[in-house]
Every structure is written in structure tokens, then in C-alpha cells.
1. Name the pairs whose Cβ atoms lie under 6 Å apart, with the first residue in the range 9-25 and in a loop (DSSP other than H, G, I, E, B) and surrounded by 11 or more Cβ atoms within 10 Å (Cβ to Cβ), the second of a type in the set (Asp, Glu) and modelled with pLDDT of 95 or more, and 6 or more positions between them or separate chains?
2. Suppose we filter the range 67-124 for residues that are under 16 Å from Val15 (Cβ atoms) and among the aromatic types (Phe, Trp, Tyr); how many remain?
3. Please go through the range 90-107 and pick out each residue that is hydrophobic (A, V, I, L, M, F, W, C) and out of contact with any strand residue (DSSP E or B) (no Cβ under 7 Å at 6 or more places or on another chain).
4. Looking only at residues that are assigned to a helix (DSSP H, G or I) and loosely packed, with under 14 Cβ neighbours inside 10 Å in the range 26-36, which one is modelled with the highest pLDDT?
5. When Arg94 is evaluated against the numbered criteria (1) loosely packed, with under 11 Cβ neighbours inside 10 Å; (2) not in a loop (DSSP other than H, G, I, E, B), which criterion, by number, is the only one it fails?
6. For the range 15-43, give me each residue that is charged (D, E, K, R) and farther than 20 Å from Ala84 by Cβ.
7. Got a number for residues in the range 37-58 being surrounded by 17 or more Cβ atoms within 10 Å (Cβ to Cβ), of a type outside the set (Lys, Arg) and not in a loop (DSSP other than H, G, I, E, B)?
8. Considering only residues that are without any contact (Cβ under 8 Å) to a residue 40 or more places away in the chain and small (Gly, Ala, Ser), which ones fall in the range 47-72?
Amino acid sequence: MAEIEKIREDFKDQVELVLVYIKEAHSGDEWQMDSNVESKVVFDQPKTFEARMDLARTFLDRMEVETEALVDDIRNTALACYAAWPERIYVIDREGRIVYKGGMGPFYFAPEELRELLETMRQE
């Protein structure tokens, strides 16, 4: 998240960066990672939108995220439409067209590709 926050700051006059909080990738009641247990960030999958909102606030606070955040509905509409699980970067232009679709995280989540694209767009 630190690199995304840096990109938001570096390009704040050029783009509106928004984070969309979706379902938990490694919830305590589904599939858990040892690193989450060690870091004490184990949360069950929210069953209501309000619970997801609370969890999103916890995430944003703990990660010190300043980027504007939206929260996916409990039916996971954004996740389904954008194949965003567990994380993915999209760039949508002013006309609503997807101009960049990053790889699925965590292995293909590449903020540096976003930075390169934005730098290229800045020069055009």
C-alpha cells in the first residue's frame, strides 16, 4: 500500500486514485495465512455490509491509507465485474473506458506499471 499511496501523492494533480475494498482474501473462517496470524490481522468474512465497512475502516487505519476508499457491496459486485480478488489495479479514463488492467495480486500486482503508465500519460 505504501507504493500506491506514493503514486497517489505524486500524481494527485493528474488522476483521481480510488481504492475499492472487497471481500477478505484470507479470512479466519475460510483460508488463513500464517503471516496474518503472526501479524494479528485475522478477521472472519463479513456477513453484512456494515461489518465490511467496519473492517475496511480497520484496514485503512492500520495501513495508514489516505487514498479515497469505496467498499464493495456484500454480494461482491465489484469483485465479480473486475476480477479483483485478491487485488488488482485498473485505470479508467474520463470516458469510462478501461485503459489499463493490471495482473492479479499478489504475484502480478505491479504498482510500478501504474507509475510508468501515468508518467507516459503525463508526457502526452
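The values are calculated or read from the model by the stated rules, or taken from the named source; none is laboratory data. Predicted model, so just to flag it, every value in this text is computed and none were measured. Cβ sites come from the backbone with ideal geometry, for glycine too, and all protein chains shown count toward neighbours.
1. Correct list of pairs: Ile22/Asp72.
2. Total satisfying the criteria: 2.
3. Met104, Phe107
4. In this case the residue turns out to be Asp34.
5. Among (1) loosely packed, with under 11 Cβ neighbours inside 10 Å; (2) not in a loop (DSSP other than H, G, I, E, B), the lone unmet condition for Arg94 is (2).
6. Asp29, Asp34, Glu38, Lys40
7. Residues flagged as surrounded by 17 or more Cβ atoms within 10 Å (Cβ to Cβ), of a type outside the set (Lys, Arg) and not in a loop (DSSP other than H, G, I, E, B) within the range 37-58 amount to 2.
8. If the condition is that a residue be without any contact (Cβ under 8 Å) to a residue 40 or more places away in the chain and small (Gly, Ala, Ser), then Ala51, Ala56 are the ones that fit.
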